[in-house]
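*Asks:* The structure is given below, and queries will be raised subsequently.
We did not get these values from a lab; they are worked out from the coordinates using the rules stated. Quick caveat: nothing in here was measured; it's all calculated off a predicted structure. For neighbour counting, all protein chains shown are included, and Cβ atoms are generated from backbone atoms with ideal geometry for every residue, glycine included.
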């Protein structure tokens, strides 16, 4: 398994990072129907309502999204996760500086790992306001926290998804594309790799113009896995 190459894997940021982390859990658990959700908290009605695409597009189902490996190991002993040694989690962040809870969650996952050369990749998404100055501060903050670990922490910044025409009755893709172009150089100067999501989602169908469902999320997760596969391990 590719995760065995790493000390830890951390997703940080807004709903895009959470969506891709949910899709990664679906792949890891080999469960397209409910693999991204905390099934042990759901009744039969919830499970029926939250299958497949609804894991990503139904607001009532999003609250059941898995946040990390530890909660799965604790609640589902029969899960393939139970013997999995590599910690991974999603850390929600919607501001800068991030909360102490978010920073400590990151440190718990990445600081103090026994092999400083084995990577602990971090995937970050932050584009709620499309403000370059704010996003640059986010990049600085997490690059600084990664450096403070004195460990090998590769950084991947996720560009924004396209927005569908149905969102607020207009097309906001020009602003999204402009943001993606403008954030590229600041991210590279801070030693982030970049993964653009605009092209993938520009032609994808979306009921609300912002959520694209399971198929798109799984492709995005596989794109992240492809990036992980190219990282050196020493």
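*Asks:* For the chain, what is the calculated [θ] at 222 nm in deg cm²/dmol (nearest 500), taking -39500 (n - 2.57) for each run of four or more DSSP H residues and dividing by its residue count?
*Replies:* Mean residue ellipticity, 222 nm, calculated: -13000 deg cm²/dmol.
*Asks:* Can you give me the relative contact order of the stretch 44-143 as a percent, contacts being Cα pairs under 8 Å and 6 or more apart?
*Replies:* After rounding, I find 18 percent.
*Asks:* So for the chain, averaging the separation of alpha carbon pairs under 8 Å that are six or more residues apart and normalising by length, what relative contact order in percent results? Show your work: numbers first, answer last.
*Replies:* Values: 373 pairs, mean separation 59.2, N = 234.
Answer for the chain is 25 percent.
*Asks:* A further question follows. Given 0.36 nm per residue, what is the gain on full extension from residue 51 to residue 200 after removing their alpha carbon distance, in nm?
*Replies:* Working it through step by step, the gained length comes to 51.3 nm.
*Asks:* Based on other C-beta atoms within 10 Å, arrange 134, 163 from fewest to most.
*Replies:* On the way: 134 15, 163 21.
The most exposed by this proxy come first: 134, 163.
*Asks:* Pairs of alpha-carbon atoms within less than 8 angstrom and 6+ residues apart define the contacts here; what relative contact order does the stretch 95-154 have, in percent? Can you show the working numbers first?
*Replies:* Values: 40 pairs, mean separation 32.3, N = 60.
Relative CO of the stretch 95-154 lands at 54 percent.
*Asks:* While we're on this one: Which of rounded, prolate or oblate describes the chain when judged by the alpha-carbon gyration tensor and an a/c cut-off of 1.5?
*Replies:* Taking the square roots of the gyration eigenvalues as a ≥ b ≥ c, the chain is oblate.
*Asks:* Can you tell me what share of the DSSP beta bridges in the chain is antiparallel? A percent to the nearest 5 is fine.
*Replies:* Counting only bridges with both partners in the chain, antiparallel ones make up about 10 percent.
*Asks:* Shifting gears a bit: How much length is gained on full extension from residue 107 to residue 44, taking 0.36 nm per residue of separation minus their Cα-Cα distance?
*Replies:* 19.0 nm
*Asks:* Also: Could you compute the FRET efficiency for residue 226 and residue 117, with r as their C-beta to C-beta distance and R0 at 25 Å, rounded to 0.05?
*Replies:* For residue 226 and residue 117, the calculated efficiency is 0.65.
*Asks:* At a 10 Å Cβ-Cβ cut-off, how would you order 185, 71, fewest neighbours first?
*Replies:* Lowest count first: 185, 71.
*Asks:* Starting from 0.36 nm per residue, how many nanometres of slack lie between residue 181 and residue 86 once their C-alpha separation is accounted for?
*Replies:* 30.8 nm
*Asks:* What FRET efficiency comes out for the pair residue 233/residue 30, r = Cβ-Cβ distance, R0 = 30 Å, nearest 0.05?
*Replies:* With a Förster radius of 30 Å, E is 0.75.
*Asks:* Also, quick follow-up: Quick one: if you stick a label point 7 Å off each Cα along the C-beta vector at residue 137 and residue 100, how many nm between them?
*Replies:* Modelled inter-label distance: 2.0 nm.
*Asks:* With a 10 Å cut-off between alpha carbons and a GNM built on the chain, which of 92, 116, 160 moves the most?
*Replies:* 116
*Asks:* At R0 = 30 Å, how high is the FRET efficiency between residue 129 and residue 191 if r is their beta carbon distance? Nearest 0.05 is fine.
*Replies:* 0.80
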